[in-house]
There are 2 protein chains.
Amino acid sequence: MDGEAFSRRAAEMADFINRYLRDIKEYRVTPAVTPGYLHRLLPSEAPRRPESWESIMSDVEDTILPGMTHWQHPGFHAYFPAGNSYASILADMLSDGLGCIGFSWAASPAMTELETLMVDWLGRMMGLPKEMLPYTEGGNGGGVIQGSASECTLVCMLAARAKALNELKEIYPDEEDCVLLSKLVAYFSEEAHSSVEKAANIAFVKRRKLPTDAHYSCRGETLRKAVETDVEKGLVPFFVCATIGTTGVCACDDVEGLGRVCSERNLWLHVDGAYSGNALICPEFRYLLRGFQYVKSFNFNPNKWMMVNFDCSVMWVRDKHALTNALTVNPIYLQHDNEAHSIDYRNWTIPLSRRFRSLKLWFVIRMYGVEGLQQYIRSHVAMAKRFEALVRRDARFEILGDVVFGLVCFRLKGPNNLTESLLRRINQSGKAHMVPASLRGTFVIRFAVCHPDPTEEHVQQTWGVITSNAECVLFEREVVVEKLRRLFSKYKENRSRRPIRILGELKKNCIEPLGPHPKTCRR
Amino acid sequence: MDGEAFSRRAAEMADFINRYLRDIKEYRVTPAVTPGYLHRLLPSEAPRRPESWESIMSDVEDTILPGMTHWQHPGFHAYFPAGNSYASILADMLSDGLGCIGFSWAASPAMTELETLMVDWLGRMMGLPKEMLPYTEGGNGGGVIQGSASECTLVCMLAARAKALNELKEIYPDEEDCVLLSKLVAYFSEEAHSSVEKAANIAFVKRRKLPTDAHYSCRGETLRKAVETDVEKGLVPFFVCATIGTTGVCACDDVEGLGRVCSERNLWLHVDGAYSGNALICPEFRYLLRGFQYVKSFNFNPNKWMMVNFDCSVMWVRDKHALTNALTVNPIYLQHDNEAHSIDYRNWTIPLSRRFRSLKLWFVIRMYGVEGLQQYIRSHVAMAKRFEALVRRDARFEILGDVVFGLVCFRLKGPNNLTESLLRRINQSGKAHMVPASLRGTFVIRFAVCHPDPTEEHVQQTWGVITSNAECVLFEREVVVEKLRRLFSKYKENRSRRPIRILGELKKNCIEPLGPHPKTCRR
């Protein structure tokens, strides 16, 4: 393919993407395929000789698209949004075209410097403490783009681990490092993202999952008690991960209360704002920054809720040296003359190499302006409020947690299995897709506003899918309950032992009304 | 920006990339900027209102391009190549356009399944042991695309750590985990990539850097001795990272010899073939697979040497359960009905979310065919041989290590500082860019073939830059040496104590001939 063909194919690819996004509502939101479907469709060996562009694109159409879960579909309300915009796609294309790898300042100064500027811009847009921003005069703060929130939490935990171990080493200089490691304890709420637990596994530290209050928020006093108990046992608390917008229910931990304990006890406080952190660009959400004077590191994902394509998770630290101390390895082939006066982002991350990810932030922020991005956030919050109103009007349903951002957690009143059946039915319909959460054992369905341009019509349509399926679930339950009641009366007359079992079933009120899934509905 | 504008801008962006790649030789390969240059050029706050496409692209032209180190420049011979091709750019564009995140099978079945198929294709193209391939009937093997080789090494070390600790736990069930951790030792050669040491830091395990032989290759006997010494001390060897194509000099460790020791001692053998592993697609390099029957995990980077854009590092494991055991955390919002029969790649990696990276492998392999990719690898090796011949013809230079792939390590005969001066001069010229390596204290310049379509003319041009700068370095040295000699004679006549210092200088034969860098040459 020469340059001319490339230009032609790029325009065609853009047309393909346009058509896909335009016609996306014609697809099932989740595909009707079973594991292994693609292996059955495609050759099991790579071709020896080149194949035509047309054959590849027709395979995309015929074999890939029918096997996608369509995250940009108006009926997609699962997980959190996958950020997307034309501006971001074009910036990524430029990053690929330039074909540079920016692990150190010297490896491509513009890559490093635009990244620093973008994390500074974003920090100002969000009102973060000045000391965390890279361009604050005389500060030790700084920021970096990581691939994912998982990596942000992990590197911050590693930085905190290194700092805590150094401090312990001063007190116990002759103790084996692993013995000191065995004393460290990390804290996070039971609603924290699974990646925090994964980070603790990798960092090989003890951890406590703290209970939350009625709003699923982790409070300072809860942390204080846990820390005191551990200190009494001779352990060394070192790290807390608070969340702004938990994955399950979008709850916000009490950063201020947690922060006070962290400050008193010399714990590293990291705040994970992967999704909800984006809302900080709107002044009406700035109250979430309460307690940020105690925060040592913070991350959020523009690739979730700022129209930037994955991957792009932005992270700040109050003390960049604490981070780089934990991650620096400096072989000669990576050294350069300007090390003392520049940033080498490879010492801020686990991967060495990195793409030119700041380009997509730059393009998106400039193409929309801060006001355009605020409008986008507000449109999602408005649609969540709209959905909340629909749910609250229907007495069969209830909402758990507060609706603050773009997520609503709802359920059918009654036992969990009703809502479980409802969710299974919704997902089998192919018209909407949602995933569950378990809030202290209560099963809820998460309705996340995900479409880049969500409308009342989308919300109404999804609500239609939910209510029509709820009717089936409730009707089937009535049928089953009625049948059980009849059986119960009959057996009671005959004094058989079986009614006890039936009574149990009735009490549980939770028969699986659907039976095994019909094969045609399997995803 | 609407869909129509997007198509137009995509074509323009393709034209921009074409022009950039066509005119790239007009740029200095490394830019003439100093740290902080971009902050001085761009606004320090994000715009409130949207800005025009034209203003963004003109800033790219005026502020970004002049600050790039141009990895696709014909004079770029630093590090290793950054893979690039039109096919890969277009596939990435499609990935962005689809805007899906594939952390589990259910999150987008096509993403997971194309990835599995691509690692199977690649494994067959490279002749890897069948037991490591995902589609081998009844096998436990599997593969995954990671973001970088650093992550591959880390997750394999974590898998080995979990396995070793489980085994120790069976023998010492009451011992504290951290005490068991303190026994573990990882082994890798002094030439292994810095990311292996970083992984050991993160995994918090002891490590031994093993010496290498005359070919910079780490031998089985060296490992055996180190392991025996550690076992005698009561330590528990658990992991070895061998390298095919070290970063410094592209040496290959003795996988077979290391493997035998690993097999006898129950150590996890990981092979890092980040760059040179790509050559396995050519039958003439298959000898590198000797000893792979002992290999537990292997990775290589198509984003280095297979025309695939960063990021794309492919990794295989012989026992996928050993990997997922170490990395799985399974919250309800990520669970799905097909878990038992499908792959959830989030349990194979550190990040949760992932891009549709297999698309670029699929596009590139099909657009070039296996034969086209082999031809590409061979063209790089041929150019390295060509460069080697030029160096060998010039008696002022010498080559260290074997020239097997696309890398040549050369130096001026004599003390290190001559070659150091030469490299500084070459990089200051802006006409070629190389980085050094230190091979047991001997300073060499690494000449890596990096251009996607390298020609004899490129090689000749770079050789011209090298030799003309070498002449200056050698001439300046002669001048300095002559001056010193004269001073020495003069002082000797006067019986001053100063000639001793001058004599020392002469003996070292290593004056810095350039003095402090002139400001205009600073990068």
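The values are calculated or read from the model by the stated rules, or taken from the named source; none is laboratory data. Quick caveat, the model's predicted, so the values are computed rather than measured. Quick reminder, even Gly has a Cβ in these numbers, built from the backbone with ideal geometry, and neighbours come from all protein chains shown. Surface areas here come from the heavy atoms of the whole protein model, side chains and all, with no ligands, DNA or RNA. Shrake-Rupley method; radii C 1.70, N 1.55, O 1.52, S 1.80 Å.
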(request) Along Cα→Cβ, 7 Å out, is where each label goes; now give me the distance between the ones at B:Glu175 and B:Thr136 in nm to one decimal. (result) 3.2 nm
(request) Using θ = phi - 60° and the Karplus relation 6.51 cos²θ - 1.76 cosθ + 1.60, list the HN-Hα couplings for region A:415-427 in order, rounded to whole Hz, with x at every Gly or Pro. (result) x, 3, 5, 5, 5, 4, 5, 4, 5, 4, 4, 4, 5
(message) Looking only at region B:100-356, where both bridge partners belong to it, what percent of the DSSP beta bridges are antiparallel (to the nearest 5)?
(response) 35 percent
(request) Can you pull the one-decimal nm distance between simple spin-label points at B:Arg396 and B:Glu45, each 7 Å off the Cα toward Cβ? (result) 5.7 nm
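Working from the pairwise distances between different alpha carbons, so that the mean of 1/r is found and then inverted, what is the protein assembly as shown's Kirkwood radius in Å?
Working: mean 1/r = 0.0328 Å⁻¹.
Hydrodynamic radius (Kirkwood, Cα only) of the protein assembly as shown equals 30.5 Å.
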(message) Could you tell me the calculated FRET efficiency between B:Leu487 and A:Thr328, based on Cβ-Cβ distance and R0 = 45 angstrom, to the nearest 0.05?
(response) 0.60
(request) Quick one: which residues, 5 or more positions from A:Thr247 or on another chain, have an amide H under 5 Å from its amide H? H modelled 1.01 Å from N in the peptide plane, none for Pro or chain starts. (result) A:His193
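Any idea what diffusion coefficient region A:203-301 gets from Stokes-Einstein, in µm²/s, Kirkwood Rh on alpha carbon pairs, 4 °C, 1.567 mPa s? Please report the intermediate quantities before stating the final value.
Details: Rh = 13.8 Å.
Calculated translational D: 94 µm²/s.
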(request) Can you tell me the dipole magnitude for region B:3-82 around its Cα centre, using point charges on the Cβ only (Lys, Arg +1; Asp, Glu -1), in Debye to the nearest 20? (result) 200 debye
(request) In nm to one decimal, list the spacings between the A:Leu41 label point and its equivalents in the other copies, with label points set 7 Å along Cα to Cβ, shortest first. (result) 4.5
(request) Enumerate the calculated ³J(HN,Hα) couplings along region A:386-394 in order (Karplus 6.51 cos²θ - 1.76 cosθ + 1.60, θ = phi - 60°), each rounded to whole Hz, writing x wherever the residue is Gly or Pro. (result) 4, 5, 4, 4, 4, 5, 5, 6, 9
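About its Cα centre, what dipole magnitude does the protein assembly as shown give when the only charges are +1 on Lys and Arg Cβ and -1 on Asp and Glu Cβ, stated in debye to the nearest 20? Working shown, then result.
Values: 132 positive and 122 negative charges, 297 e Å.
The dipole magnitude comes to about 1420 debye.
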(request) Specify the inter-centroid distance of region B:140-170 and region A:1-39, based on alpha-carbon positions, in whole Å. (result) 34 Å
(message) Could you give each residue of region B:299-310 its phi-based ³J(HN,Hα) in whole Hz, using Karplus coefficients 6.51, -1.76, 1.60 with θ = phi - 60°, and x for Gly or Pro?
(response) 9, 8, 10, x, 6, 9, 9, 9, 6, 9, 5, 4
(message) If you take the accessible area of A alone plus B alone and subtract the pair, what total do you get in square angstrom, rounded to 100, with a 1.4 Å probe?
(response) 12900 Å²
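Rounded to the nearest 0.05, what FRET efficiency is calculated for A:Lys385 and B:Gln335 with R0 set to 35 Å and r the Cβ-Cβ distance? Show your work: numbers first, answer last.
Numbers: r = 29 Å, r/R0 = 0.82.
Here the calculated transfer efficiency is 0.75.
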(message) At q = 0.07, 0.12 Å⁻¹, what log₁₀ I(q)/I(0) does chain B have when each alpha carbon counts as one equal point scatterer in the Debye sum?
(response) -0.48, -1.21
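With a 1.4 Å probe and every protein chain left in place, work out the accessible area per residue of region A:100-356 in Å², rounded to a whole number. Walk me through the numbers on the way to the answer.
Values: 7520 Å² over 257 residues.
Here the residues of region A:100-356 average 29 Å² of exposed surface.
Normalising by the residue count of chain A, find the relative contact order in percent from Cα pairs under 8 Å and 6+ residues apart. Kindly include the intermediate steps, with their values, before the conclusion.
Values: 894 pairs, mean separation 102.1, N = 523.
Across chain A, relative contact order equals 20 percent.
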(request) Assign unit charges at the C-beta atoms only (+1 for Lys and Arg, -1 for Asp and Glu), then state the dipole size of chain B relative to its Cα centre in Debye, rounded to the nearest 20. (result) 2860 debye
(request) Take the cross-link list A:Lys206/B:Lys169; A:Lys206/A:Lys320; A:Lys163/B:Lys169 and give me the ones stretching past 20 Å between alpha-carbons. (result) A:Lys206/A:Lys320; A:Lys163/B:Lys169
(request) Place +1 on the Cβ of every Lys and Arg and -1 on the Cβ of every Asp and Glu in region A:100-356, take the dipole about the Cα centre, and give the residue among A:Cys252, A:Gly127, A:Pro237 whose Cα lies farthest towards its positive end. (result) A:Cys252
(request) Keeping every protein chain in place, order A:Leu41, B:Leu267 by accessible area at 1.4 Å, biggest value first, i.e. largest first. (result) A:Leu41, B:Leu267
(request) Identify, among A:Ser44, A:Val29, A:Ala78, the residue whose Cα sits farthest towards the positive end of the charge dipole of region A:3-82, taking +1 on the Cβ of Lys and Arg and -1 on the Cβ of Asp and Glu, with the dipole about the Cα centre. (result) A:Ala78
(message) What does DSSP give for chain B in terms of the percent of beta bridges that are antiparallel, rounded to the nearest 5?
(response) 55 percent
(message) Just want the answer: with Cβ charges of +1 for Lys and Arg and -1 for Asp and Glu, which residue in B:Ile350, B:Ala326, B:Pro109 is farthest toward the dipole's positive end in the protein assembly as shown?
(response) B:Ala326
(message) With equal scatterers on the alpha carbons only and no solvent term, can you work out the Debye log10 of I(q)/I(0) for region A:3-82 at 0.15, 0.22 1/Å?
(response) -0.71, -1.14
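Between A:Ser438 and B:Leu235, what's the calculated FRET efficiency when r is the beta-carbon distance and R0 is 35 Å? Round to 0.05. Can you show the working numbers first?
Details: r = 43 Å, r/R0 = 1.23.
Once rounded, the FRET efficiency stands at 0.25.
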(request) Sort region B:130-260 into rounded, prolate or oblate with this rule: let a ≥ b ≥ c be the square roots of the eigenvalues of the Cα gyration tensor; rounded if a/c is under 1.5, and if a/c is not under 1.5, prolate when a/b is larger than b/c, oblate otherwise. (result) oblate
(request) Tell me which residues come under 5 Å, amide H to amide H, from B:Arg208 once H is placed; ignore anything under 5 positions away on its chain. (result) B:Ala186, B:Tyr187, B:Phe188
(message) Show me the ranking of peptides A:162-168, A:254-260 by mean Cβ neighbours inside 10 Å, starting with the highest.
(response) A:254-260, A:162-168
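With each run of n ≥ 4 DSSP H residues scored as -39500 (n - 2.57), what mean residue ellipticity at 222 nm is computed for chain B after dividing by its residue count and rounding to the nearest 500 deg cm²/dmol?
Numbers: 16 runs with 238 residues, N = 523.
-15000 deg cm²/dmol, from helical runs alone.
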(message) For a protection proxy built on the mean count of beta-carbon atoms within 10 angstrom, sort B:42-50, B:102-110 highest first, please.
(response) B:102-110, B:42-50
